[in-house]
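A.B. asks: This structure is in structure tokens; I'll ask about it shortly.
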Amino acid sequence: MADLLLNVNFAPSERPKKKETGNRKHESFLRRRRALEQRGVLKQKQLPPPGKGPQKQPGPGGRRGGRPGASGRGPKKPNSVQPKPCPKANGPVATRRPGVATQNGSTGSQGPDLPPNPKPTARGGAKGPPASIPPRPSKLVAIDCEMVGTGPGGRTSDLARCSIVGYQGDVMYDQYIRPVAPIVDYRTRWSGIRRQHMVNAVPFGKAQREILRILSGKVVVGHAIHNDFKALKYFHPKALTRDTSKIPLLNRRGGFPENVSISLKRLTKELLHKDIQVGKSGHSSVEDARATMELYKVVEAEWEQHLLLNPEKE
């Protein structure tokens with residue numbers, strides 16, 4: 001029987017070496033980098049300095065020339081091709097929070113509970129829609145004056161009586177007034193003025209001061225009111241004047257032509273169904289002033305709306 005020979009090697013066997021994949025990953029990274037450089041995708045800040053190749057990263061323990069991949073990972077891949085913004089070049093980056101508009105149209109926020117800032121005006125305040133308030137009843141008065149004739153032939157009209165009533169028709173002023181010039185014609189048929197009325201009449205200068213104090217700052221209603229102001233030697237602001245003889249709304253309501261001045265008597269009869277200025281004793285300025293205020297009330301809302309959209313010019 002042949003001898004059996006056993007060849008036993010008791011020397012420790014060498015472990016298979018780990019595959020060094022680090023060099024392959026690094027070479028793959030370099031190939032991709034050169035491809036990106038050729039396409040022009042990489043920015044200048046990501047390119048290596050001229051004349052210098054890629055430097056080897058230190059291995060574990062801080063020693064240079066360490067075996068790549070010794071830590072089990074290859075060189076890190078860039079997270080993004082696009083560069084990060086440079087604070088020095090673009091200025092400080094402001095922290096924006098959603099909710100508030102910025103100058104560029106983007107949104108930010110002042111906090112979750114704060115409303116957006118109002119747009120400032122030239123003076124720095126918030127600009128609001130312009131508002132126009134209709135006149136209050138306490139700021140509305142109606143006036144009517146009666147005149148007598150003075151001067152050559154009594155052709156000059158001078159103030160002899162003035163009546164002012166409030167919004168509800170309450171009498172605020174009613175006085176006989178003595179003109180400066182001598183009276184030539186009392187015009188009793190229309191004015192209702194007689195000689196005895198001038199005995200205790202108020203001098204014109206004193207009456208004028210009292211009347212203007214009442215009219216100051218108020219909306220004054222009248223019929224052909226320019227004649228009353230002329231007798232008072234006074235000009236009231238146009239924006240605070242309401243002339244019932246020049247409002248087409250009243251003529252339209254009464255069935256009259258819009259561009260014709262209708263008398264106070266006819267308008268009152270047609271729209272208020274009242275008779276004024278009747279008889280031979282002349283007119284009553286209190287009655288006429290009350291009728292004028294009532295006519296104004298008929299078209300007050302429409303009239304004031306029209307004036308709001310078409311403000312009177314001085």
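A.B. asks: Limiting things to C-alpha atoms, what are the Rg and the maximum Cα-Cα separation (Dmax) for region 140-309, in angstroms?
C.D. replies: Taking only Cα atoms of region 140-309, I get Rg and Dmax of 15.9, 49 Å.
A.B. asks: If you don't mind, another one. Provide the FRET efficiency to the nearest 0.05 for the residue 202-residue 273 pair, computing r from the beta carbons and using R0 = 35 Å.
C.D. replies: About 0.50, to the nearest 0.05.
A.B. asks: Now for a separate question. Can you list the residues, at least 5 places off or on another chain, whose amide H is less than 5 Å from the amide H of residue 156, using H built in the peptide plane?
C.D. replies: Excluding prolines and chain starts, which carry no amide H, the hits are 150.
A.B. asks: Oh, and also: What is the spin-label model distance, in nm, from residue 28 to residue 209 if the labels are put 7 Å beyond Cα along the C-beta direction?
C.D. replies: Those two pseudo-labels are separated by 10.8 nm.
A.B. asks: Let me ask something else. Separation between the residue 189 and residue 238 pseudo-spin-labels, each 7 Å from Cα along Cα→Cβ, expressed in nm?
C.D. replies: Once both label points are built, they end up 3.6 nm from each other.
A.B. asks: With a ≥ b ≥ c the root eigenvalues of the C-alpha gyration tensor of region 216-288, is it rounded (a/c under 1.5), prolate (a/b larger than b/c) or oblate? Spell out each step's value before the answer.
C.D. replies: Working: a/c = 2.19, a/b = 1.24, b/c = 1.77.
The shape class here is oblate.
Coordinate-derived values only; no laboratory data. Here the structure is a predicted model, which is why all the values come from computation and not from measurement. Backbone-built Cβ (ideal geometry, glycine too); neighbour counts: all protein chains shown.
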